[in-house]
Amino acid sequence: MSYLFPTYARWEVEPDTAIGTLLTDKNGKTYLDFTSGIGVCNLGHQPEAVKEAVKTQLDRFWHVSNLFTMNEQEKAAERLAKAAGMDAVFFSNSGAEANEGAIKLARKATGRNKIITFTQSFHGRTFATMAATGQDKVKQGFGSMLETFEYVPFNDLDSLKQAMGSDVAAVMLEVIQGEGGIHIGTTEFLQGAEQLCREYGSLLIIDEIQTGIGRTGKPFAFQHFDLDPDIVTSAKGLGSGFPIGAVIGKESLNEFFGPGSHGSTFGGNPLSVTAASATMDEIFQEAFLQEVLNKSEYVLNQLKTALSDLELLVEIRGLGLMIGIELTVPVGDILTELRAQGVIALSAGEKVLRLLPPLTVTEDELKQGAEKINEVVRNFCGTAL
Ligand SMILES: Cc1ncc(COP(=O)(O)O)c(C=O)c1O
């Protein structure tokens, strides 16, 4: 019997230790972990530099409150803002809280209520972010939603044009829809959305909670598309597993987030911001990010070569190390078999197998993983070679 609410359909795997890409369970079985804690452990499990930095901070102080000036926060904020090409940061504890902050900031700064988001998007589980999410299943049973969101089909610029107006506070989007199925925004759509925001005086909010912190081979995925957002949200990979989120904005937004306007007891916790700085120091380097792109090309080629003849394959797509394998069938049983074979992966929607390996994964690990995926998917559809 478990005393946890059954909000998660938990796997049978119980971790004992995890280092790098490898996770060992209580029975001594070792797995390739291609989930990175759902896009969190971008440097793999227990990255040495982050561990050392947090250990040092553990011996100094753990929590003092945001009433104090903390160089640790200033340092992380500067690193993050500069990487996003922005000027100001609010630290939260999670992705949903970062998006809550972004929604509040956009509404206050524009004096407008309406926010446009997209079908199949995912922005979190709090009341505002659940309402922002363009998936009915996330909202079912929770009663009336915050009403000021309108959902438009993703990658459909004409529909977005029709929904835009001078009452729109913001357009909020994921450059690659993660939970919704690894759907990559087209350059035309993303740049068009930005253009519409400029035309109507609306803000462009980019949710980089899953796509940011090097996941796609750039500090933030929007940088692949030459975009200039007003607000970017971050979380997941930012703290390498220490809980942290962030609202990152342009200087002009400073005046709307003055003292007393927004806050969080734990947001910007010294241990989390220290982990974030150490994480960014490793990831936001040209050579590291180039490696992510090289590994991406390698694994996408491996997967495409291995799987392209399969009838049940719809598409293999991805940017950096955020990869989706869309099939014509639900992937639940395939994931269970993959775990039995020693590879842990995720789903995105019902029919997409989602791979989020650590950015530090080796080519050899990618090769092993791709081979296992090929084997399991082939066995599953009864066409094993
Ligand atoms: C794009 C996106 N936004 C927001 C969230 C919510 O983040 P959190 O679970 O940290 O609240 C997630 C989590 O999966 C996400 O992928």
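The values are calculated or read from the model by the stated rules, or taken from the named source; none is laboratory data. Quick caveat: nothing in here was measured; it's all calculated off a predicted structure. Using ideal geometry, Cβ is built from the backbone for each residue, glycine included, and neighbour counts are taken over all protein chains shown. Each accessible area value is taken on the protein alone, full model and side chains, heavy atoms only, with ligands, DNA and RNA left out. Shrake-Rupley method; radii C 1.70, N 1.55, O 1.52, S 1.80 Å.
At-a-glance table
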quantity: Simple spin-label estimate for S166 and Q195 in nanometres, 7 Å along Cα-Cβ; calculated: 2.2 nm
quantity: 1.4 Å probe accessible area per residue over the stretch 48-283, in Å²; calculated: 41 Å²
quantity: Selection from W62, G180, T362 lying farthest towards where the dipole of the chain points positive, charges on Cβ; calculated: W62
quantity: Kirkwood Rh, Cα atoms: Rg over Rh of the chain; calculated: 0.96
quantity: Straight-distance crosslink candidates among aspartates and glutamates, where the alpha carbon sits under 15 Å from K137 and sequence neighbours closer than 8 are dropped; calculated: E179, E350
quantity: Protein accessible area in the stretch 135-289, 1.4 Å probe - carbon and sulfur %; calculated: 47 percent
quantity: Protection proxy ranking, peptides 45-55, 241-251, average beta carbon neighbours within 10 Å, highest first; calculated: 241-251, 45-55
quantity: Neighbourhood net charge (14 Å Cβ-Cβ; Lys/Arg +1, Asp/Glu -1) for A132; calculated: -3
quantity: Charge-dipole axis of the chain as Lys and Arg at +1 and Asp and Glu at -1 on Cβ define it, positive-most pick from G342, L105, L321; calculated: L105
quantity: Net dipole in debye of the stretch 48-283 [+1 Lys, Arg Cβ; -1 Asp, Glu Cβ; about Cα centre; nearest 20]; calculated: 480 debye
quantity: Over the stretch 114-246, relative contact order from alpha-carbon pairs under 8 Å, at least 6 apart, %; calculated: 21 percent
quantity: Cross-link partners of K29 among lysines (Cα-Cα below 22 Å; sequence separation of 8 or more within a chain); calculated: K367, K372
quantity: FRET efficiency, E286 to T336 (Cβ-Cβ, R0 41 Å, nearest 0.05); calculated: 0.55
quantity: 14 Å beta-carbon shell around L346, net charge (K/R +1, D/E -1); calculated: +2
quantity: Per-pair calculated FRET efficiency, R0 = 51 Å: E12 and D226 via Cβ, rounded to 0.05; calculated: 0.70
quantity: Mean separation of Cα contacts under 8 Å, 6 or more apart, over the residue count of the chain: relative contact order %; calculated: 22 percent
quantity: Check: the stretch 78-126 dipole with +1 on Lys, Arg Cβ and -1 on Asp, Glu Cβ, in debye; calculated: 220 debye
quantity: Antiparallel DSSP beta bridges within the chain, as percent of all bridges there, nearest 5; calculated: 65 percent
quantity: Packing rank of 201-213, 58-70, where each peptide gets the mean count of other beta carbons within 10 Å, highest leading; calculated: 201-213, 58-70
quantity: Label-point separation in nm, K137 to F68, each point 7 Å along Cα→Cβ; calculated: 4.4 nm
